[in-house]
Each structure stands twice: as C-alpha cells, then as structure tokens.
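To start, the structure under review is shown below, and the notes come after it.
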Amino acid sequence: MKTAKIRNITQVLLTLFIASLATSVFAQDTQPPPHWEYEGEDGPEHWGELGEIYALCGTGTAQSPIDITSSTGVGLSDISFDYGESALNIFNNGHTIQVDADASSNSILYNGITYDLVQFHFHHPSEHTVDGVPAAMEIHFVHRDPHSGNLAVVGVLLTEGETDNEAYAAVFDHLPAEMGEPDAMGNTLDLASLVPESTLFTTYNGSLTTPPCSEIVRWLVLDTPISLSSEQIEAFAAIHEMNARPVQPLNGRDLLADNG
C-alpha cells in the first residue's frame, strides 16, 4: 500500500516537472525578438551581440548593403515587372514606413523565377552607396519566391528634385508618425509608376539589411534614380531621421552590372 502511494506521488511530481519544462520552453519560443535600433548600444555594430537569432548580423560574410563600385558589366536577364494597383496599406513599424502590397497581384520575373511583391519601405539616407556616395533616400521593393522563400529586393535610389513626385504623393501625404497597423485610408497606388522607366541594374547576392540579417536576398539595385522634392524627403526624415545600416564588406562576391 505504501509502495503504491509513493509510486503515485512520484508520478504526480514527474507530471508536474514535465508540465513546468514544457511551459518554460513555450515561454522561450514565444519571447519577442531582441530590440534593435540604428544608433547607440542597440545599433548596427552591436546587432550580432543582441541575441543568437541576430548572430548572422555579426558573423555573416554576404551582408548588405554594400558600396556599388567596380562592378563587372555583363548581359543579365531583364527584370520583368508585373505591377498594377494596390491599396495603400501604409504603416509605421518603428524602423521605417512600410506599404504592404495586395497579395498575389504584383510580381517580378527574374532569371526564370516569379517573385511576389510583399511590401516596400524606405531608408534615409540610402543604404547602398555608389562610389562611396549615398543618395538622399532609398526604397526597397521586397519580393518573395513562394516556393523557396528566397527574396529578390529591387532597390531604387531616391534623389532630391525641385518638385513633388506625384506618383509617390499618396505615400508621402499619409506618412504615419506613430507606430500602428496598416491602413489604406481609401487610397490606392499605381505601383508601376513607382519604378523608373529604365530598369538596368546592378546585382549581387546579399542579406536583409535589418536583423536577423538573413543571407537569402538577390539584390537588384536599379541604375536610374527617382527624384522626390525636398519637402517629401524632409517629411520622412522628420519621422525617421536615420534608418540606414552602414555598408558591409563585399568579401569577394560577384557584383554584376547589366550592360543592356
């Protein structure tokens, strides 16, 4: 009788231990990722130290952005844009202003692979530099291969012009100063008008420019910039004064320029 009682107590304690362990693991799995910033103790030079999930930011050898210089001119596959309209779906995610694209209705075709447009967002100043010189801003159109999960990101440099860019007016007239959820506010975008007519580009294999810095990106940086007015640039800078990761070493990667 006493043996059976001890066995029951042991089983109860074991059950409680397993439940406690499972709760602990679940809690770890659901913890939010480490906080990061563009400056200070949580800035880019420390991203790789903030947690194991961000380790690649410090140890990766194919990181982005880079300085675009000394590229090799070759005949590259064209980027075929299949862009139409999308609801504005704009929001401030705390690090940039982002616009989510309507699902499965906008894409690019590159090297025989169709990548669906997921979202686009902005950096001030530009993250990629050309011969060491940054542009005023940069826009990243983020596309995803639904089969592999790999990304193709089209980068467009934004320079300062004399007048507002009307194609981007819906975005810059509704920049949200505070973090929040996507809100189309009844506006739509003609996505095709956001891309320059000339789509010659420079390409390399790289990474996300924000944590976790995953090295899953085919970068397609267009040679032709787009101009915004100083007022449009200043409107963004008033919300995100500096949100650009410094350029990273090329580390022997191919940097190929489309020679048409």
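Odds and ends about this structure:
- Every residue from segment 103-137 that is more than 14 Å from LEU220 (Cα to Cα), in contact (Cβ under 8 Å) with a residue 24 or more places away in the chain and part of a loop (DSSP other than H, G, I, E, B): ASN106, GLY112, HIS124, PRO125, SER126, ASP131, GLY132, ALA135, ALA136
- Within segment 127-178, the set of residues being within 16 Å of THR203 (Cα to Cα), among the hydrophobic types (A, V, I, L, M, F, W, C) and open to solvent by less than 30 Å² (accessible area, probe 1.4 Å) comprises ILE139, PHE141, VAL142, LEU151, ALA152, VAL153, VAL154, VAL156, LEU157.
- Any chance ASP190 is under 20 Å from PHE91 (Cα atoms), acidic (Asp, Glu) and out of contact with any Leu (no Cβ under 8 Å at 6 or more places or on another chain): yes
- Qualifying residue in segment 83-104 (condition: more than 19 Å from the chain's Cα centre (by Cα), over 20 Å from CYS213 (Cα atoms) and β-branched (Val, Ile, Thr)): no
- Selection from segment 105-126 of residues that are more than 17 Å from ALA192 (Cα to Cα), of a type in the set (Gly, Ala, Ser) and either within 10 Å of the chain's Cα centre (by Cα) or open to solvent by 10 Å² or more (accessible area, probe 1.4 Å) (or both): GLY112
- Residue within segment 215-231 that is in contact with a His (Cβ under 6 Å, 6 or more places away or on another chain) and either at pLDDT 95 or above or acidic (Asp, Glu) (or both) present: yes
- Taking segment 210-232 as the range and being at negative phi and in contact with a helix residue (DSSP H, G or I) (Cβ under 9 Å, 6 or more places away or on another chain) as the test, the residues that pass are THR210, PRO211, PRO212, SER214, GLU215, ILE226, LEU228, SER229, GLU231, GLN232.
- Of the strands (runs of 3 or more DSSP E) lying entirely inside segment 155-260, those containing at least 1 residues that are over 24 Å from ILE113 (Cα atoms) are 188-190, 226-229.
- Contacts under 6 angstrom Cβ, first residue in segment 46-60 being open to solvent by less than 60 Å² (accessible area, probe 1.4 Å), partner aliphatic (A, V, I, L, M), 6 or more apart: GLY48/ALA55
- Among the residues of segment 233-260, those identified as more than 21 Å from the chain's Cα centre (by Cα) and either in contact (Cβ under 8 Å) with a residue 24 or more places away in the chain or farther than 20 Å from PRO176 by Cβ (or both) are ASN251, GLY252, ASP254, LEU256, ALA257, ASP258, ASN259, GLY260.
- Residue in segment 211-218 that is closer than 25 Å to GLU241 by Cβ, open to solvent by less than 30 Å² (accessible area, probe 1.4 Å) and touching a Gly at 6+ places or on another chain (Cβ under 9 Å) present: yes
- The number of residues in segment 52-82 being assigned to a loop (DSSP other than H, G, I, E, B) and among the acidic types (Asp, Glu) comes to 1.
The values are calculated or read from the model by the stated rules, or taken from the named source; none is laboratory data. The structure presented is a predicted model; accordingly, all values stated were derived computationally and were not measured. All Cβ positions, even for glycine, are placed from backbone atoms using ideal geometry, and neighbour counts span all protein chains on display. Ligands, DNA and RNA are stripped out before the accessible areas are found, and what is left, the full protein with its side chains, is counted by its heavy atoms. Shrake-Rupley method; radii C 1.70, N 1.55, O 1.52, S 1.80 Å.
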